[in-house]
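Undergrad: Sharing a structure with you now.
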Amino acid sequence: MTAPDTTLAPLTPETIRRLRELTDRFTDVGAAERANYPLYLTELCEAIGVERPRPAAASAARVAEPTAYQFEFPVQTTTRDGVVARCSLVALCCGCSVL
C-alpha cells in the first residue's frame, strides 16, 4: 500500500483573490464565533475549491461512513475512570481532518 500524495499545489491567482475576499468579509464580524463558523468554513471550502460539509447525519450508520463530512460530528469519549461523554467536533472530513 502506498502513502497518499500530500503534495500541495500552488495557489492560483483566482484562489488567492477568493481567500482575500473571504478575509475582508470576516475581518470585522466581532466575537460571534459560534454563530459564524459554519458560514465561514462553508465559504472557505468554496474559496479553495473543495467540497462543502454535508448535512448532518440522522442515522448512526451514516455517521459511521468513512467519508462522513459534516459540521458537529458526534463523538464519544471515555475517560481513564470509565466515564463516557458525548460531544461533537466542529467538522470532520474523510475520517482525518478535524477542526
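Undergrad: To the nearest 20 Debye, how big is the dipole of region 11-52 about its Cα centre, given +1 on the beta carbon of each Lys and Arg and -1 on that of each Asp and Glu? Don't skip to the end; give the middle numbers.
TA: Numbers: 6 positive and 8 negative charges, 4 e Å.
Here the size comes out at about 20 debye.
Undergrad: Multiply the residue gap between Val29 and Gln76 by 0.36 nm, knock off their C-alpha separation, and tell me the result in nm, one decimal place.
TA: 13.7 nm
Any read-out appearing in this document is the output of simple, stated calculations on the displayed coordinates, not a laboratory observation. Treat the numbers as computed from the prediction; the structure is a model and nothing was measured. Cβ sites come from the backbone with ideal geometry, for glycine too, and all protein chains shown count toward neighbours.
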